[in-house]
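To start, the structure itself, in structure tokens.
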Amino acid sequence: VDNVGRVTASELDDGCDGTPTRCTVATYDAAGNSLTTASDEDCDGTADADCATMTYDADGNQTHWQIAYACDGTADVCLEYTYDGDGNRLSERQDTGCDGSALRCTLNSYDARGNRIGEQLDLGCDGTPDEGCGQSEYVCF
């Protein structure tokens, strides 16, 4: 735990014998936003699974998230987010393979008070709503 109470490292002891079986580490920016997380599968001090990085805009909204499952420097899944002026998440773009060819896009709608009231799914991110959505209809939850 760092000096402001954020968890920066943890250990899991599956056998309850005092020997950690999985460790995790995390870093944060000055605003308290999570910048990186990673797993150390054998607690030897080397991140070797699920290395994730996050970035934020000036308002503290998360704009990017990516994960490299093998921690080999090659991202396996990338997410991009956009927001309106009130900080409401307008869209999410999922790119499996992080090669620029998004497979799933989600658009959110909000009422005048900022409550999320709907979600529009666009598989393939081709601008055409899918899964029974009409062009201007929303799937509400």
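So what J values fall out for segment 18-28 if you push phi through Karplus, 6.51 cos²θ - 1.76 cosθ + 1.60 with θ = phi - 60°, rounded to Hz, Gly and Pro as x?
x, 10, x, 10, 7, 10, 10, 9, 8, 10, 9
From the phi of every residue in segment 33-45, what ³J(HN,Hα) in whole Hz does the Karplus formula 6.51 cos²θ - 1.76 cosθ + 1.60 yield, where θ is phi - 60° and glycine or proline is x?
6, 5, 9, 9, 9, 7, 10, 10, 4, 10, 6, 9, x
What nm value, rounded to one decimal, do you get for the distance between Ala70 and Asp99 when each label is placed 7 Å out toward the C-beta?
1.6 nm
What residues qualify as long-range amide H neighbours of Leu90, i.e. H under 5 Å apart, gap of 5 or more or another chain, H built at 1.01 Å from N?
Close amide H contacts, sequence-distant or interchain: Thr82, Tyr83, Asp84.
Using R₀ = 35 Å, calculate the FRET efficiency as 1/(1 + (r/R₀)^6) where r is the Cβ-Cβ separation of Ala9 and Thr128; round to 0.05.
Numbers: r = 45 Å, r/R0 = 1.29.
After rounding to 0.05, the efficiency reads 0.20.
For the chain, what does the alpha-carbon gyration tensor say about shape, rounded, prolate or oblate, given a ≥ b ≥ c as the root eigenvalues, a/c under 1.5 as rounded, and a/b over b/c as prolate? List each step's numbers first, then the result.
Working: a/c = 2.43, a/b = 1.81, b/c = 1.35.
It comes out prolate by the Cα gyration axes.
By the scheme Lys and Arg +1, Asp and Glu -1, what is the net charge of all other residues having a beta-carbon under 11 Å from that of Gln66? Provide the component values of the computation, followed by the final result.
Numbers: positive: none; negative: Asp76, Glu80, Asp95.
Surrounding charge for Gln66 is -3.
Just name one of Gly15, Ala47, Gly85: the one whose Cα is farthest towards the positive end of the charge dipole of the chain (beta-carbon charges, Lys/Arg +1, Asp/Glu -1).
About the Cα centre, the residue reaching furthest to the positive side is Gly85.
Using the Cα centre of the chain as the reference point, and only Cβ charges (+1 on K/R, -1 on D/E), how large is the resulting charge dipole? Debye, rounded to the nearest 20.
Working: 7 positive and 29 negative charges, 118 e Å.
Rounded to the nearest 20 debye, it is 560 debye.
Bear in mind that the values in this text are calculations on the coordinates, not laboratory data. Small disclaimer: the values here were computed from a predicted structure and weren't measured. Every residue, glycine among them, receives a Cβ derived from its backbone with ideal geometry; neighbour counts consider all protein chains shown.
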